[in-house]
Each structure stands twice: as structure tokens, then as C-alpha cells.
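Peer 1: After the C-alpha cells below, expect a handful of questions from me.
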Amino acid sequence: MRSFLRSAALAVSSLLMATACNGNTKTGTTENQAESNMKKGKILVVYFSHAGENYSVGNIKVGNTKLVADEIARVTGADTFEIVAEKSYDMPYSALIKLAREETRQGELPAFKGSVENIEQYDTVFIGGPIWWGTYPRVMFTFFKSYDLNGKTIIPFTTHEGSGLANTVEDLKKSYPSAKVVNAFSIYGHEAQSDLSKVDEWLDKQGYTK
Ligand SMILES: Cc1cc2nc3c(=O)[nH]c(=O)nc-3n(C[C@H](O)[C@H](O)[C@H](O)COP(=O)(O)O)c2cc1C
């Protein structure tokens, strides 16, 4: 975390950013995946990801966490819900760092777009996001306040540049004291851009085979 922050403070950028797309639920695809869904119960992948200018990877078209979330959905046949903030995070990295720090300090709960249909139908929810100042971005906490996932299995994942899972597992347990929070996974954001084999290995260990 400290080394990330030190580097982040030094990072200077002039690139433009692209924004994430609208929040909505997408349904998993192939027949084999659907079959696997039925065997293991219904799965949802909830994630936040920020495309555009980011630390270590430059100006990316698809956010690091989105790449991981899409891979999980592809392998497991899960539905997906992308948390997209109503406010815009379309700004240079250096400005976003400051804004996110302020949101974290103030414990803000930024609104998000869209909704999940029938959250009750899901047995397992993968929850993923980047690490922003030591945990998930604040808008994800708005989602946690909006949907009760107690009683479900929650599988956390993060992309990061040095902090790993940071406080995400503890924060999820606080949000959902009677959920089963298991099998947490983290991967460097820049690694997710080029190689998702660790994601596949992690899924494989849980019985989700490609
Ligand atoms: C506002 C902001 C704060 C960040 N804070 C951290 C941090 O505390 N620790 C860390 O390892 N990485 C931090 N990062 C790096 C991101 O976690 C990393 O680049 C992540 O892969 C981005 O994923 P995304 O493209 O899905 O948004 C931060 C990035 C941003 C934009």
C-alpha cells in the first residue's frame, strides 16, 4: 500500500480517460455454462471497474477488474452486474486519486445506475473491484447497502497495484455478517491486462473448469 501510494504520488499523466458503460445485468452465455450453473446454483458477478487512464497500465479501453469479471462469467456461466456510478469518474488519474481519497475519508455513498433483478435467485455472488485507497471504491459500498447478500456465498476478488485484497474481505464481512465469505482472490491490474491464467487456476480450484 505504502509503495503504491508513493509511486502514485509520483505518477504524472496527461492522458485522457474513457468511462465505464451503463450498469445493467447481463445473462451468462453457453449451454455448457448454463448446465454448470444449475449444478452449482445460480451465480452473479458484481463488479466495478474504471476504464481510461490508470496507474501502471496507461490509458486502457477495458478496466482491469472488468477483464477478470468477464473471465469469471465466461468460465462459470454467471450473470454479471456492473456497478456504474451516476457521477462521472472521467478525469485524469491524478484528479481521481484525490477525489477517491476524499470519498473514502468522508465515507461517501455515491449513487449507482441500474438494478439487479431478483437478487434472491443467486446462491453465489462474486464481488470484485479495484483497490482504491485500501478497499473497494465507495460506490461499491452503496451497492452493499442496497442489496442484502446475507446467507449467500460471497467470493471476493480485487485488482490492485500492490495492496492485494487490502481491507476488502473484512469490509464485506462487516457489510454481510451472515454471508459465507470464501476463496478471496487478487491479481495485479497490469497482469490482468495481459494474462488471466491465474484467474482460471483460481476458478479451477473451486470446481469451475473451463
Ligand atoms: C483512485 C485510485 C486509488 C487507488 N488506490 C490503490 C491502493 O490503495 N492500492 C493499490 O494497490 N492500488 C490502488 N490503485 C490501483 C488500482 O487498484 C489498480 O490499477 C486496479 O487494477 C484498477 O482496476 P480497474 O481498471 O478495474 O479500475 C488505485 C487506483 C485509483 C484510480
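No value in this document is a laboratory result; all are computed from the given coordinates. A quick note: this is a predicted structure, and the numbers were derived from the prediction, not measured. Because the Cβ atoms are built from the backbone with ideal geometry, glycine has one as well, and the counts that use them run over all protein chains shown.
Peer 1: Under 13 Å from the Cα of residue 173, which aspartates and glutamates turn up, not counting those fewer than eight places away in the same chain?
Peer 2: By straight Cα distance, residue 173 reaches 148.
Peer 1: If I model a spin label at residue 167 and residue 205 as a point 7 Å from the Cα along the Cα→Cβ vector, what separation in nanometres do I get?
Peer 2: Rounded to a tenth, the inter-label distance reads 2.6 nm.
Peer 1: Also, quick follow-up: Please give the peptides 49-59, 160-170, 91-101 ranked by average Cβ packing (other Cβ atoms within 10 Å per residue), highest first, as a rough proxy for protection.
Peer 2: In descending order of packing, they fall as 49-59, 160-170, 91-101.
Peer 1: To continue, here is another question. If you take the Cα Rg of the range 51-210 and divide it by 2.2 N^0.38 Å, with N the number of residues, what do you get?
Peer 2: It is 1.00.
Peer 1: What net charge is computed for the residues neighbouring residue 144, neighbours being all others with C-beta under 10 Å from the C-beta of residue 144, Lys and Arg scored +1, Asp and Glu -1? Mind dumping the intermediate values first?
Peer 2: Details: positive: 145, 174; negative: 148, 171.
It works out to a net charge of 0.
Peer 1: If you don't mind, another one. Which of the lysines could be linked to residue 61 by a straight reach, that is with a Cα gap under 26 Å, when you skip same-chain ones fewer than 8 residues away?
Peer 2: 26, 87, 98, 113, 198, 210
Peer 1: So how strong a dipole does the range 102-171 carry about its Cα centre when Lys and Arg Cβ are +1 and Asp and Glu Cβ are -1, to the nearest 20 debye?
Peer 2: 80 debye
Peer 1: A further question follows. Which of the lysines could a cross-linker span from residue 180 if the Cα-Cα distance has to be under 21 Å and same-chain partners fewer than 8 positions apart are dropped?
Peer 2: Answer for residue 180, where 21 Å is the Cα cut-off: 39, 40, 42, 145, 152, 205, listed by chain and number.
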